[in-house]
Amino acid sequence: MNQVDNAYVTPRELEVVRLLSTGLNTKQVALELRLSQWTIYNHISHLVKKFNSNRYDLVYRMSLRGLIK
């Protein structure tokens, strides 16, 4: 797991954020990962709660820390 701002990010959560950072929407991320759209929403929801943030700020924070490009 990766640690960002004292919160742990699972490999799957990180993968979801990486795909979001490329401009894919939730449905496209779900198709790419062969998961349901609701599972992707769930991963995003967990991250938003962990960081008390929104999905766009998550991408920004993780990019600042070099976790995504």
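Considering the values [x] 0.98; [y] 1.17; [z] 0.93, which represents Rg/Rh (Cα atoms, Kirkwood Rh) as calculated for the structure under consideration? Identified label for the calculated read-out: [z]. The slack between residue 48 and residue 63, meaning 0.36 nm per residue of separation minus the straight C-alpha distance, is 3.8 nm. Okay, helix-only estimate at 222 nm for the chain: each DSSP H run of n ≥ 4 adds -39500 (n - 2.57), divide by all residues, round to 500 deg cm²/dmol; what do you get? That calculation yields -19500 deg cm²/dmol at 222 nm. Overall, the accessible surface of the chain at a probe of 1.4 angstrom is composed of carbon and sulfur to the extent of 50 percent. What do you get for the angle between helix 11-21 and the principal long axis of the chain? Use alpha-carbon atoms, 0 to 90 degrees, nearest ten. The angle comes out near 80 degrees.
A 1.4 Å probe run over the chain, with the rest of the protein chains in place, finds 66 Å² accessible per residue.
The values are calculated or read from the model by the stated rules, or taken from the named source; none is laboratory data. Keep in mind the model is a prediction, meaning the values are calculated, not measured. Ligands, DNA and RNA are excluded from the accessible area calculation, which covers all protein heavy atoms including side chains. Shrake-Rupley method; radii C 1.70, N 1.55, O 1.52, S 1.80 Å.
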